[in-house]
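The values are calculated or read from the model by the stated rules, or taken from the named source; none is laboratory data. As the structure is a prediction and not an experimental result, all values here were calculated from the model. With ideal geometry, Cβ positions are generated from the backbone for all residues, glycine too; neighbour counts draw on all protein chains shown.
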Amino acid sequence: MASQKPILVVAGVGNATGTGAATAREFAKKGYRVALVARNAEHLEKAASEIRNDGGEAQAFPVSEYSYAEIHKVFEEVKKQWPNDQIRVSVWNAGFGVWKPFLETTEEEVKESVNTNIVAAFAFAKESILAFKGQECVKCSSLLNDIGARGTLIFTSATAAWRGNVTTSAFSAGKHGLKALAQSLNKEFGKQNIHVAHAIIDGSILTDRYKNTRAAELHENEDVRLNPEGIAKAYVYLAQQDRSAWTFELDLRPAHEKW
C-alpha cells in the first residue's frame, strides 16, 4: 500500500508555463500528490508529465468547462485516484481577462468574466471546502494537519480586485466578486480551521505565452517581472502557515513594479 500523502488540486494551468503549473511543481517537490485541472487536455498532460518525469506524482483531470457539474466530477475522480489520501490544498488559478473601453466590451465578454472569475470559483470553492470538512471521515487520518488546518484554499487574483481602471470594467467586476467570495469564505470557515487566502498578483508574469514590447526587458531583468516559481513558493508558504498567524490577503509584485 502506498504511503499517505497530502493532495493539491490546482485549477487553471494555461499553457503549462505559468503560475498553475509552477504551483503544481512546487507542491510536488514538497511531497504532495497533484491533481491538475484545466480545459486544454494537451497542456494539462504536458504539465503532469513534467512532474512525473521529475519524480513527483501528478494526474491530469481535463474538463470541458468550469461548471458545477464538471468540477464536482473532477473532485470525485481525484478521490477515486487517491482514495487513502486527503485533499489538503486547493488553488483556483483559472481566470478570464478583457481589457477594453467600456463601450467596446461585449455581452459575451462580461458573461465570461463573471462565469470564470465568480461562478466557477464558487463551484471550485464548494467542492474544496466539502473535501476539507470531510477529512475526519477518512480512515486512519486526523482531522487537522500538523499546523492545525483542515485545508487551505487559495484564490489567484489581481489588483483589479481592489480598483478599476479605464479598460478593466469587465475584468475588475469579476475580480471584485472573487475577492468578496474569498473574504466571505475566510470569515465563515476560518472558525472550522479552513484557511482561505486571496492572492493579489500585480505585474507581468514571465511565461512562454508572454509576447509584447517588453518581452526582452522581462527576460533580462528580474526586477520588473513576476516569476511563476516565485508565486508558487509564496503559495506553499500560505499552505504551511500555522493557524495562529494565517494570511488572508497576500499582495505579490516585482521589486520595480509601479503601483
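Checking residue 30 against (1) closer than 23 Å to residue 195 by Cβ; (2) at pLDDT 95 or above; (3) buried (at least 19 other Cβ atoms within 10 Å of the Cβ); (4) not aromatic (Phe, Trp, Tyr), which test does it fail? Result: residue 30 fails condition (3) only.
Would you mention how many residues in segment 4-44 are in a loop (DSSP other than H, G, I, E, B) and either free of Cβ contacts under 8 Å to residues at least 60 places away in the same chain or out of contact with any Gly (no Cβ under 7 Å at 6 or more places or on another chain) (or both)?
10
Of all residues being under 16 Å from the mean Cα position of the chain (by Cα) and at pLDDT 95 or above in segment 79-93, which is nearest to residue 12 (Cα to Cα)? Just the residue, please. Result: 92.
Per the listing 139, 133, the residue uniquely out of contact with any Leu (no Cβ under 9 Å at 6 or more places or on another chain), within 26 Å of residue 78 (Cβ to Cβ), part of a helix (DSSP H, G or I) and at pLDDT below 95 is 133.
Each residue in segment 94-127 was checked for being assigned to a helix (DSSP H, G or I), of a type in the set (A, V, I, L, M) and within 18 Å of the chain's Cα centre (by Cα), and 7 of them qualify. Which residues, counting only those in segment 209-247, are under 20 Å from residue 28 (Cβ atoms) and either of a type in the set (A, V, I, L, M) or at pLDDT below 90 (or both)? Of everything in segment 209-247, those that are under 20 Å from residue 28 (Cβ atoms) and either of a type in the set (A, V, I, L, M) or at pLDDT below 90 (or both) turn out to be 227, 228, 229, 230, 231, 232, 234, 236, 238, 239. If you filter segment 58-81 down to residues that are in contact with a Phe, Trp or Tyr (Cβ under 8 Å, 6 or more places away or on another chain) and of a type outside the set (Ser, Thr, Tyr), you find that the one that is nearest to residue 5 (Cα to Cα) is 78. Each residue in segment 83-130 was checked for being among the aliphatic types (A, V, I, L, M) and in contact with an Asp or Glu (Cβ under 7 Å, 6 or more places away or on another chain), and 1 of them qualify.
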